[in-house]
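The values are calculated or read from the model by the stated rules, or taken from the named source; none is laboratory data. All figures in this text were calculated on a predicted structure; none of them were measured in a lab. Quick reminder, even Gly has a Cβ in these numbers, built from the backbone with ideal geometry, and neighbours come from all protein chains shown.
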Amino acid sequence: MPYRVPSPIREARMRAGLSQRQLARQIHVENVTISGWENGHYRPSPRRAVALCRALPGLTLDAIYLHAAFGHP
């Protein structure tokens, strides 16, 4: 099984003590969207990435997009 780099979105969400559903409500998306981002199925649009950074202290755009580009085998 290949090693997967942990999702910075998931890590920031867990540090903030939020469920996927709570975060989804906060940034006005479906919780399956949060799951898709965390699992690397797709990445958030720039507008949604900014919303994530505002909702999750410590999360940066660099972390989101560099992970999307290089974090998954």
Checklist entry - When you look at LEU52, is it at pLDDT 95 or above and crowded, with 18+ Cβ neighbours inside 10 Å, yes or no? => result yes
Checklist outcome for this item: Checking ILE34, ILE9 in turn, the sole residue that is touching an Asp or Glu at 6+ places or on another chain (Cβ under 9 Å) and assigned to a helix (DSSP H, G or I) turns out to be ILE9
Checklist outcome for this item: Residues in segment 3-34 that are under 16 Å from HIS67 (Cα atoms) and exposed (fewer than 14 other Cβ atoms within 10 Å of the Cβ) total 4
Item to check | Residue that is nearest to ALA24 (Cα to Cα), among those in segment 37-56 that are small (Gly, Ala, Ser) and in a loop (DSSP other than H, G, I, E, B) | outcome: SER45
